[in-house]
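The values are calculated or read from the model by the stated rules, or taken from the named source; none is laboratory data. Because the structure is predicted, anything quoted here is derived from the model rather than measured. Ideal geometry is used to build each Cβ from the backbone, glycine not excepted, and the neighbour counts take in all protein chains shown. Side chains are part of the model used for accessible areas, which takes the heavy atoms of the whole protein and leaves out ligands, DNA and RNA. Shrake-Rupley method; radii C 1.70, N 1.55, O 1.52, S 1.80 Å.
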Amino acid sequence: QVQLVESGGGLVQPGGSLRLSCAASGIIFSIYRMGWYRQAPGKQRELVARITIGRSTNYADSVKGRFTISRDNAKNTVYLQMNSLKPEDTAVYYCAADRDGTGYWGQGTQVTVSS
């Protein structure tokens, strides 16, 4: 059984920081590309960041320079460090894993940026 479990979401003030974690089980983690997506109310789900098995990364333009994705294969965990948070970052953040067209999603964790 494949499971992706996100944690670390919550309420933070503008300009603050938050670190999301996604713990994976049931897959050979080291051979999967991992990613973070987000979905705000009334909007489509969008890619935030991805990291390959070789640790190459991609970021959405809206978060570049503020967010950092990383992975720890020994812990089967992918992280998203979010700095300088803005109200526009408010969304449900989802962890994803994919390999050769096979993909999995986590349940999501809420991030709210507000005063």
Of Asp98, Asp61, the only residue that is out of contact with any Cys (no Cβ under 8 Å at 6 or more places or on another chain), assigned to a strand (DSSP E or B), among the acidic types (Asp, Glu) and open to solvent by 40 Å² or more (accessible area, probe 1.4 Å) is Asp98
Sort out which residues of region 5-57 are within 16 Å of Tyr94 (Cβ to Cβ), of a type in the set (S, T, N, Q) and either open to solvent by less than 60 Å² (accessible area, probe 1.4 Å) or part of a strand (DSSP E or B) (or both), and write them in order of number.
Ser7, Ser21, Gln39
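Out of curiosity, is Gly108 open to solvent by less than 80 Å² (accessible area, probe 1.4 Å) and under 18 Å from Ile27 (Cα atoms)? Outline the logic, then answer.
Numbers: open to solvent by less than 80 Å² (accessible area, probe 1.4 Å): yes; under 18 Å from Ile27 (Cα atoms): no.
Judged against the criteria, Gly108 is not a match.
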Does Ser70 meet the test of being among the hydroxyl-bearing types (Ser, Thr, Tyr) and farther than 16 Å from Gly8 by Cα?
no
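Restricting attention to region 43-66, which residues are of a type in the set (Gly, Ala, Ser) and either within 19 Å of Leu85 (Cα to Cα) or touching a Gly at 6+ places or on another chain (Cβ under 7 Å) (or both)? Break it down into steps so the answer makes sense when it comes.
Looking only at region 43-66, we keep the residues that are of a type in the set (Gly, Ala, Ser), and these are 49, 54, 56, 60, 62, 65.
Answer for region 43-66, where residues must be of a type in the set (Gly, Ala, Ser) and either within 19 Å of Leu85 (Cα to Cα) or touching a Gly at 6+ places or on another chain (Cβ under 7 Å) (or both): Ala49, Ala60, Ser62, Gly65.
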